[in-house]
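Notes for the one structure printed next.
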Amino acid sequence: MRKIPCRTRHLVPFVLLSLPVAAAGCGGDAGPGDAGPAAAGLDSPDISLAPGVEEVYTVGVLDGAEWEMFGSVVGVTFGEDGTLFILDNDAGHIVVVDPSGEFARTISNKGEGPGELSQPIGMAVFPDGGIGVNDLTRGIQFFGRDGEFLGAAAFNMTDGAPGNPIYALPDGTILSAELIGGSLSRLLGGDDAEPEGRPIRRYRLDGTHDVFHAAWPGPPVEETETETQAGNVLMVMSGMEAFPLPLSFGVLRDGRVALADSVGYRIKILDASGQVTATLERPIPPVAVTDEIRDAERERRLAALAEGGGGGAGGRFIISSTVSIGGTAGRGNPMESEAMQEAMRRMQEDRIQDLMFPEEMPVIRNLAVDWSDRIWVRRSALPGETGPTDILTPDGQYFGTIAPDALRIPAAFGPDGLLAYIEADELGVQRVRVVRLVGDQLLEAFDTP
């Protein structure tokens, strides 16, 4: 990724815990607004930031109390007072940890009954402390702060089910990009017209939903398919797209939304009705996808597959996977047979070899919004590398860029500079580590060639 040069050396006082944030630009004046006299405009050269953190607590162990032996942590979020909520898919419950890191209680349990969670995949906390959980098979389950079950909003996956992550809006609704939506409806022969673009929907407790904003669909992509067969089992899967367009957003404290959905460095600011009110852009061009980049991305994914991973199969799917099973002899699940597992591995290799590549790699990989309404923008990088993270405000102030090997965007932001990361140790034991940003540091903006 080509960087904007910064050729002047500065000592930079930087306060992340509260706005305004001070940062010195490279030969530029501050932009408009109240972000502080040293904040730069979006056309500023890169300014190096290295915010430090202090450890607060870590939860999650191999052998201990039942609540802290996590199975599959699929989401974390903070409440207004710093309480941490941890969603465990395997256990089907939410672990509540108080601001000091002590266990407080669990909410819900695995099951199919009222207030129980079957396949939870995402969670959000409302300003009043209420909790919304996206249960893949049962819609959004709503709980009070103390865990009382308030009701459920079931959604039909054929006409727009919420995905992950989900975000709580100040008006008590949930915002999420579609999980499958119109694509599944089309496969099942539905007649409903699909919204233009990539829908972001607003979901309500009464079960209704509508399109909050239609993100840019991007340039057309040629659809491909890969198929494999083991015995009487035929499996057909859609192709994968490398370097997919971002569809990443975060909610500001007043209900506005920051959205990245483009190839270039472009962030839309949406109002509470989903209308674009501003656009933030930095002059960082996309990188053209060359044969060298294509080969490197295929090699990276094949290596991940060989190590037991999915080979980066999480790219944007053009159509949903389908499985057609004919009459099979013998007993047992044919999908679990050794022959089918080997066939699926070969299919994944074929899909990687047939990766669909865009002409340009999007500049932005993803973004998030912290509790001070700063926008953290992670930029894309070449295969096998990690991109830097820019810190912006919704009114167009640029505070600086965090290096790829430094602090990364957390799984959740909290009040007073809290950050939560979902990690795994060398044994694969999941844990949640909470740290706090340290302010009032002297940071140096190093020369960038």
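The values are calculated or read from the model by the stated rules, or taken from the named source; none is laboratory data. Quick caveat, the model's predicted, so the values are computed rather than measured. Note that we place each Cβ from the backbone using ideal geometry, even for glycine, and neighbour counts take in every protein chain shown.
Worth pointing out:
- Boolean, Thr106 is modelled with pLDDT under 90 and hydroxyl-bearing (Ser, Thr, Tyr): no
- Filter pass, Leu427 being in contact (Cβ under 8 Å) with a residue 24 or more places away in the chain, outside any strand (DSSP E or B) and touching a strand residue (DSSP E or B) at 6+ places or on another chain (Cβ under 7 Å): no
- Of all residues in the stretch 212-227, those being assigned to a loop (DSSP other than H, G, I, E, B) and on the phi < 0 side of the Ramachandran plot number 8.
- Hey, Asn134 surrounded by fewer than 17 Cβ atoms within 10 Å (Cβ to Cβ), more than 26 Å from Gly417 (Cα to Cα), without any contact (Cβ under 8 Å) to a residue 60 or more places away in the chain and not basic (Lys, Arg) or not: no
- The requirement of being surrounded by 15 or more Cβ atoms within 10 Å (Cβ to Cβ), of a type outside the set (A, V, I, L, M) and part of a strand (DSSP E or B) is fulfilled somewhere in the stretch 236-247, by at least one residue.
- Residues that are among the β-branched types (Val, Ile, Thr) and within 15 Å of the chain's Cα centre (by Cα) within the stretch 373-417 comprise Ile375, Val377, Thr389, Ile409, listed in sequence order.
- Flag for Gly113 being without any contact (Cβ under 8 Å) to a residue 24 or more places away in the chain and either in contact with a helix residue (DSSP H, G or I) (Cβ under 8 Å, 6 or more places away or on another chain) or not acidic (Asp, Glu) (or both): yes
- The set of residues in the stretch 46-70 that are assigned to a loop (DSSP other than H, G, I, E, B), in contact (Cβ under 8 Å) with a residue 40 or more places away in the chain and surrounded by fewer than 14 Cβ atoms within 10 Å (Cβ to Cβ) contains only Leu62.
- Given (1) in a loop (DSSP other than H, G, I, E, B); (2) at pLDDT 95 or above, number of the condition Pro37 does not satisfy: (2)
- Flag for Val257 being modelled with pLDDT of 90 or more, farther than 17 Å from Pro162 by Cβ and either of a type outside the set (D, E, K, R) or within 18 Å of the chain's Cα centre (by Cα) (or both): no
- Flag for Leu407 being in contact with a strand residue (DSSP E or B) (Cβ under 8 Å, 6 or more places away or on another chain), surrounded by 18 or more Cβ atoms within 10 Å (Cβ to Cβ) and in a loop (DSSP other than H, G, I, E, B): yes
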